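K.L.:
This structure is in structure tokens; I'll ask about it shortly.
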Amino acid sequence: MYSENNKPRTRGIPKWLKRKNKRPELYQPNELSDGNDQDESDDYLDDILVRSIEMDPCTPTNNELRIFVGTWNVAGRSPIGSLAVDLDEWLNLKDAADIYVLGFQEIVPLKTRTVIGAEDPTEATNWNGLIGKALNDKYGCPWLTPLVNRISSDNYLYVPVLDSERRKSLSSYSATPMRERSKTIHTTPNVGSKYKLMASKKMVGVFISVWMRNELLRKYCVSNVKVCSVACGIMGYLGNKGSVSVSMSIEGTSFCFIAAHLASGEKKGDEGRRNHQVSEIFRRTSFPRSFGDDDNPHPLTILGHDRIFWFGDLNYRLYLEDSLARQLIKKQDWRALQDFDQLRREQEYGGVFQGWKEGDIEFAPTYKYSQSNCNRYSGGLPSRTGEKQRTPAWCDRILWYGKGVKQLSYFRSESKFSDHRPVSALFSTQIEVVKSNSARVVGLQTILPTILPNEQTGTSRGEDKGNSTLLSLMIKDLEASPRYMQQS
């Protein structure tokens, strides 16, 4: 439909329809004049059409986003100022991304008091503070730089301040029970910082923090920022294991980020517990609509999103004897070691994450390092008493699902802060730009009622029905999608 310079072809299209026609597929030239008889009314229609098409407050010129996804089990340790050096290396700020999505596990010790007690936002606040300083520091040491607009809550959602007309088209945040309600701050991007905190959610030790470059907040329409937590630890419902997720839409592309901490253990059958928890997270994660949402449909479930990233301490181990695993690690034969990787075996057997992608692992296993000597793996030395015997494994992983995602890098960092090494991946993806069609379509229907058939204009639907099962939620996602509404 378009030539190389992104201009529509002109053959058989009236002059007044040629100009700046950004969506030619909406029109049916065969039903219109062949363009041979022009009069003054054509110029009038031309002006109105061009004005309606140009009414687009958010039209980015470059639709590529670079997304950094990182995961780190910090073994219950509180962040300290000097850790900013490790953060700088992990975040790879010399090759800065547009969005930083960071998932943490065990930001608090998994003791009885922290698991069944009330949520304490202190550690989440401290981590957000340190991340914010690392991303936004310009001079000197980040840990000595005061944090502007300190976030004092473990649950946070960003809602931009917009003019009255654009406020109608973008959502606020989903209505959740009071105990789950996030602190929402209506604010404009801070001109004094490079990155803005978009969403933050903590459940016991599982924590997610999402940051976006300020200039992109002015360039793109960001909406429907929502969070959800799923606890599936002790007795299947305590938060020592589970996930915290963030859903958000950037222009016409929806994103879902899931930070998870799955069941530990390297005994036979433990992989089944992890598979079950993955299924529970899929089933119980939802982003319900609320009164404050805009008219644009947003996904209700994980699989309803266009781009999905799942990361965390997934705890999948190696189907390999400890001594043999250590021999392959010493040889740095990562390909041979991957043949025994539990997660990839489970994917092949259809147990979990079918159809999901992960980059080639070309780094050493990330768990478990010795506390007495952080340069070697725990165990392997029978003479040492009191040290846990653990076969090294790639417990910390990053997977993705959806079209249009390209992984640029996948590596681990060498921070010795905990018994896990942090892992990160850099992705590139294109987003679909949503034009502000409301005024344009109404104008065109008024002037040219034959251009758009009635079935393409969309119809209102009644209230969603059915129980909140995974299947019913996915059906709701399908029925709410623009493509479905156009076809129905």
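K.L.:
Using all C-alpha to C-alpha distances in segment 263-367, build P(r) with 10 Å bins and read off the rounded percent in each one.
P.N.:
Whole-percent P(r) values from 0 Å outward: 12, 37, 28, 14, 7, 2.
K.L.:
List the pairs from Lys201/Lys241; Lys202/Lys388; Lys111/Lys202; Lys111/Lys268; Lys202/Lys403 whose alpha-carbon separation is above 23 Å, in the order I gave them.
P.N.:
Result: Lys202/Lys388; Lys111/Lys268; Lys202/Lys403 exceed 23 Å.
K.L.:
Take Ser378, Ser229 and sort them by solvent-accessible surface of the protein heavy atoms, 1.4 Å probe, largest at the top.
P.N.:
Ser229, Ser378
K.L.:
I'd like to know which of Ser229, Leu217, Val246 lies farthest towards the positive end of the charge dipole of segment 191-255, counting +1 on Cβ of Lys and Arg and -1 on Cβ of Asp and Glu.
P.N.:
The Cα lying farthest towards the positive end belongs to Leu217.
K.L.:
For Tyr195, enumerate residues with amide H under 5 Å from its amide H, sequence gap 5+ or separate chain, H modeled in the peptide plane.
P.N.:
Residues meeting the amide H criterion: Asn214.
K.L.:
At 7 Å along the Cα-to-beta-carbon direction for both Lys330 and Gln354, put a label point, then send me their distance in nm to one decimal.
P.N.:
Placing both labels 7 Å along Cα→Cβ, they lie 4.1 nm apart.
K.L.:
Take each of the peptides 247-258, 362-373, average the number of other beta-carbon atoms within 10 Å over its residues, and list them starting from the highest.
P.N.:
Highest to lowest by the protection proxy: 247-258, 362-373.
K.L.:
If r is the Cβ-Cβ distance from Ser409 to Glu321 and R0 is 30 Å, what FRET efficiency results, to the nearest 0.05?
P.N.:
Plugging the Cβ-Cβ distance into 1/(1 + (r/R0)^6) gives 0.45.
The values are calculated or read from the model by the stated rules, or taken from the named source; none is laboratory data. Predicted model, so just to flag it, every value in this text is computed and none were measured. Virtual Cβ from ideal backbone geometry, glycine too; neighbours counted across all protein chains shown. In case anyone asks, the SASA skips ligands and DNA or RNA and just uses the protein heavy atoms, side chains included. Shrake-Rupley method; radii C 1.70, N 1.55, O 1.52, S 1.80 Å.
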